[in-house]
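Below is one structure; the comments refer to it alone.
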Amino acid sequence: MPELTTSPSPTSHFRQPIATLQRKGAQVSILDQTLLPFRSERRVLASLPEVADAIRAMRVRGAPLIGATAAYGVAIALASEGGTDDVLERALALLAATRPTAVNLHWALDRMARALHPLPPDARGARAWAEADAIASGDEATCAAIGANGLQILADIAARRAGPLRVMTHCNAGWLATCGAGTVLAPVYAAHAQGIDIEVLVSETRPRNQGLLTAWELREAGVRHMLIADNAAGLLLARGEVDVVITGADRIAANGDTANKVGTFLKALAARHAGIPFYIAAPHSTLDFDCADGSRIPIEDRGGDEVRTVRGLDRDGNIAELQLAPEATAVLNPAFDVTPAGLISGIVTERGVAEPGRLRDLYPECAR
Ligand code: MRU
């Protein structure tokens with residue numbers, strides 16, 4: 001996918017309350033998301049293995065943020081080990097193997113490879129930092145443009161009804177998942193800033209409970225919201241207590257089939273049954289025109305312990321893990337599911353809103 005430019009938008013003033021990913025000179029730090037929403041702590045990533053581990057262990061998570069972090073991982077590897085072909089190839093391969101579903105990771109690594117391969121080894125270090133910076137700042141601008149485009153959808157629905165606009169989401173696709181305002185939450189923050197009365201229904205998102213991150217973000221931003229158990233979504237949709245569902249995406253196939261956090265598909269099914277619009281909000285780095293349809297999207301299987309255990313605060317205020325199911329319990333833990341294009345009302349990108357099968361109209365330079 002070629003590099004794209006985005007135009008300024010009404011949400012471009014959004015600043016992350018805490019930087020999810022920050023570079024100061026040759027030092028890169030992240031906000032450790034495994035400690036949220038209880039503790040807000042930064043962690044310096046000083047080596048390639050530390051970057052790979054942070055992505056694998058979901059200290060950084062969310063498709064766009066994973067991509068930008070991996071780009072800095074390449075720069076860190078070259079800075080500490082030199083710019084030879086061997087170091088570059090090893091860094092690209094190690095980072096590409098960390099998580100399979102979010103295509104943003106592979107998009108960012110491809111972009112780093114395209115920028116660095118033609119250069120002599122001693123010119124690669126400086127260029128790697130510059131390219132990683134460009135990926136991170138590009139994501140911030142992209143989020144702002146998604147916010148502006150999604151705002152139009154929310155404002156239209158809000159104008160047609162009395163009372164608060166009720167938005168349901170799943171997982172976390174806010175500023176914590178990106179280098180900017182987020183994808184799903186960018187339009188929500190923009191609507192809130194415009195004075196639209198908005199309320200967000202946030203599903204827990206077992207097993208990793210990314211919904212708790214969404215609830216934390218929204219509370220910090222003063223946006224009204226309610227945390228719901230994942231299994232409550234069907235009832236609330238069927239009762240008409242939701243006006244629109246919007247989720248993020250980790251990979252969108254050429255035909256519009258969309259992979260996102262497991263549980264998204266069930267919300268799309270229930271929304272269709274109830275006649276409620278279901279949108280995806282995602283940047284160009286999530287589009288995979290090489291992937292014909294959702295059946296080709298690799299779905300990450302994560303360890304059984306994520307399902308057997310739950311993390312929270314103990315009575316002394318320490319972050320603790322509690323065993324829900326005995327160690328010997330057999331577990332299946334697919335981390336994503338695929339929502340067929342036919343269940344999606346539209347895909348909100350930085351270039352506008354497309355019908356799922358018509359993404360090529362927005363990205364003609366990428367069409368095959
Ligand atoms: O496993 P995670 O937490 O990295 O998954 C995150 C999601 O599925 C998000 O909804 C998606 O990446 C969109 S992020 C803007």
Across the range 285-326, the tally of residues that are within 13 Å of the ligand (Cβ to nearest atom), assigned to a helix (DSSP H, G or I) and under 15 Å from D250 (Cβ atoms) stands at 2
Which of (1) modelled with pLDDT under 95; (2) open to solvent by less than 10 Å² (accessible area, probe 1.4 Å); (3) not basic (K, R) is the odd one out, the single condition L105 does not satisfy?
-> (1)
If you go through the range 257-270, how many residues are surrounded by 20 or more Cβ atoms within 10 Å (Cβ to Cβ) and away from the ligand (no atom under 16 Å from the Cβ)?
-> 1
What residue, of L313, L322, is in contact with a Gly (Cβ under 8 Å, 6 or more places away or on another chain) and either open to solvent by 10 Å² or more (accessible area, probe 1.4 Å) or among the acidic types (D, E) (or both)?
-> L322
Residue tally, condition more than 19 Å from the chain's Cα centre (by Cα), within 21 Å of I319 (Cα to Cα) and among the aliphatic types (A, V, I, L, M), over the range 37-56 = 1
Could you say whether any residue in the range 156-166 is surrounded by 24 or more Cβ atoms within 10 Å (Cβ to Cβ) and in contact (Cβ under 8 Å) with a residue 12 or more places away in the chain?
-> no
Considering each residue of the range 45-89, count those that are open to solvent by 60 Å² or more (accessible area, probe 1.4 Å) and within 19 Å of L116 (Cβ to Cβ), and give that number.
-> 7
Return the residue satisfying two criteria in turn: it lies in the range 227-240 and is surrounded by 14 or more Cβ atoms within 10 Å (Cβ to Cβ) and under 21 Å from the mean Cα position of the chain (by Cα), and of such residues it is farthest from A274 (Cα to Cα).
-> L227
Helices (runs of 4 or more DSSP H) lying entirely in the range 155-251 (those with 1 or more residues that are more than 10 Å from the ligand (Cβ to nearest atom) and over 25 Å from F38 (Cβ atoms)) | 185-193, 233-238
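The values are calculated or read from the model by the stated rules, or taken from the named source; none is laboratory data. This one's a predicted model, so the numbers in the text were calculated from it and none came from an experiment. We place every Cβ from the backbone using ideal geometry, glycine too, and count neighbours over all the protein chains shown. The protein model used for the area step is the full one, side chains on, heavy atoms only, and it has no ligands, DNA or RNA in it. Shrake-Rupley method; radii C 1.70, N 1.55, O 1.52, S 1.80 Å.
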